[in-house]
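The values are calculated or read from the model by the stated rules, or taken from the named source; none is laboratory data. As the structure is a computational prediction, the values presented were derived from the model and not from experiment. Cβ placement follows ideal geometry from the backbone for every residue including glycine, while neighbour counts extend to all protein chains displayed. In case anyone asks, the SASA skips ligands and DNA or RNA and just uses the protein heavy atoms, side chains included. Shrake-Rupley method; radii C 1.70, N 1.55, O 1.52, S 1.80 Å.
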Amino acid sequence: MIRTTFTEQFGVDHPILCGGMTGLGTAELIAPVANAGALGFLTALTQPTPEALSKEIARTRELTDKPFGVNLTILPTINPVPYDEYRAAIIEAGITVVETAGSSPEPHLPDFHGAGVKVIHKATSVRHALSAERKGVDAISIDGFECAGHPGEDDVPGLILIPAAVRQLKIPVIASGGIASGQGLAAALALGAVAVNMGTRFMATTEAPIHQNVKDQIVANDERSTVLVFRKFHNTARVVRNSISEEIVAISEREDATFDDIAELASGMRGRQNVLAEGSMEDGMWWAGQTQGLIHDVGTVQEVIDQVIADAEEIIGRLPSLVAGS
């Protein structure tokens, strides 16, 4: 097995995370991730209430006795989210690791750390990572431009962003975005990361709680099958290229366009229901990264993790032979 400070600090077998994914971070996926020796995160806001999150944590514990965490994404919303209550539910359930994303985690750190909860914060730039480090988070998940979701506005890919973060941060760095294989894990470790975070790769697994059409589409797609939306509104997001996302881009390019003009097309609820749940691939905006070009099959979570680790070990074992005199 590959041992790093991440596996030691978080008590897992493999330096692999399945970060929070809205609509996917439920017991059906996260328990198998834990059982396979990686660290998965339930998504708190996938659950409609803090009470529902408590039940989902309990349901996950019925399926695994291995460590898992909870993602708490902090974003401005039209309807206020009771973040204090979600945080309390996480703590009361005895969760030991939380992944935060979005806005600053600072308001939540005293309670989490007071309860012995480690906090991994997801950042898309070194400057934001340094700010989170100063505020006291325990590790940074640095998210490169290749990722699904919101890559920030700097457009810096992982090959640059990971070592730049490692050079300046004193806390552990987890590589996120653009990773779906053992090659990616080996490369991230070579760049100084202590683990990798995979999202799109875990969508294409047997256990992922989404329609089979979505999994098959990820396999069929290639590295060009994404598009950037919301760029005009300074909230850039990488989503899968389909008729809806291309229409969003076309409307956004109009000089007088506002977000209201695309809001219905871009509805997260529409994407989750029509695409992820029902498998209507052209009837909503949905999220996946450029790693679609690296995913060639749908396997079980155990098979995916085993293959990633085996491939990374083979590469790491082979590299010394490239050094003269070794």
Show the residue pairs meeting these rules: Cβ distance below 6 Å; 6+ apart or different chains; first residue within the range 293-304 and at pLDDT 95 or above and in a helix (DSSP H, G or I); second residue crowded, with 17+ Cβ neighbours inside 10 Å and of a type in the set (Val, Ile, Thr).
Val301/Val33; Val301/Thr205; Val304/Thr205
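Taking the condition of being over 11 Å from the mean Cα position of the chain (by Cα), at pLDDT 95 or above and either of a type outside the set (S, T, N, Q) or closer than 19 Å to Gly177 by Cα (or both), how many residues in the range 17-33 meet it? So that I can check it myself, show each step before the final result.
Pass one, the range 17-33, residues over 11 Å from the mean Cα position of the chain (by Cα): 23, 26-33.
Pick out the ones that are also at pLDDT 95 or above and you get 26-33.
Checking the rest, the ones that are also either of a type outside the set (S, T, N, Q) or closer than 19 Å to Gly177 by Cα (or both) come to 27-33.
Number satisfying all stated conditions: 7.
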Hey, can you tell me all the residues within the range 278-292 that are assigned to a loop (DSSP other than H, G, I, E, B) and crowded, with 17+ Cβ neighbours inside 10 Å?
Met281, Gly284, Met285, Trp286, Trp287, Ala288, Gly289
Val12 surrounded by 15 or more Cβ atoms within 10 Å (Cβ to Cβ), outside any strand (DSSP E or B) and more than 16 Å from the chain's Cα centre (by Cα):
yes
Restricted to the range 293-313, and to residues that are among the β-branched types (Val, Ile, Thr) and open to solvent by 20 Å² or more (accessible area, probe 1.4 Å), which residue is nearest to Val12 (Cα to Cα)?
Thr300
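Taking the stated definitions as given, is Asp154 open to solvent by 10 Å² or more (accessible area, probe 1.4 Å), more than 21 Å from the chain's Cα centre (by Cα) and not hydrophobic (A, V, I, L, M, F, W, C)?
no
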Give the range 53-71 a look and list any residue that's in a loop (DSSP other than H, G, I, E, B) and either buried (at least 24 other Cβ atoms within 10 Å of the Cβ) or touching a strand residue (DSSP E or B) at 6+ places or on another chain (Cβ under 6 Å) (or both), or say none.
Phe68
Quick test of your reading of the structure: Met269 fulfils all but one of (1) among the aliphatic types (A, V, I, L, M); (2) farther than 29 Å from Val156 by Cα; (3) part of a loop (DSSP other than H, G, I, E, B). Name the failing condition by number.
(3)
Note on the range 178-192: residues in a loop (DSSP other than H, G, I, E, B) and open to solvent by less than 10 Å² (accessible area, probe 1.4 Å) are Ala180
Run Ser267 past the list (1) small (Gly, Ala, Ser); (2) open to solvent by 20 Å² or more (accessible area, probe 1.4 Å); (3) in contact with a strand residue (DSSP E or B) (Cβ under 7 Å, 6 or more places away or on another chain) and report the number of the one that doesn't hold.
(3)
Within the bounds of the range 105-120, is there any residue that is closer than 23 Å to Leu276 by Cα, touching a Pro at 6+ places or on another chain (Cβ under 7 Å) and not in a helix (DSSP H, G or I)?
no
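From Pro50, Pro82, Pro76, which residue is farther than 28 Å from Asp13 by Cβ and surrounded by 17 or more Cβ atoms within 10 Å (Cβ to Cβ)? Walk me through how you get there before you give the answer.
On the way: Pro82 fails: surrounded by 17 or more Cβ atoms within 10 Å (Cβ to Cβ); Pro76 fails: surrounded by 17 or more Cβ atoms within 10 Å (Cβ to Cβ).
Going through Pro50, Pro82, Pro76 in turn, the sole match is Pro50.
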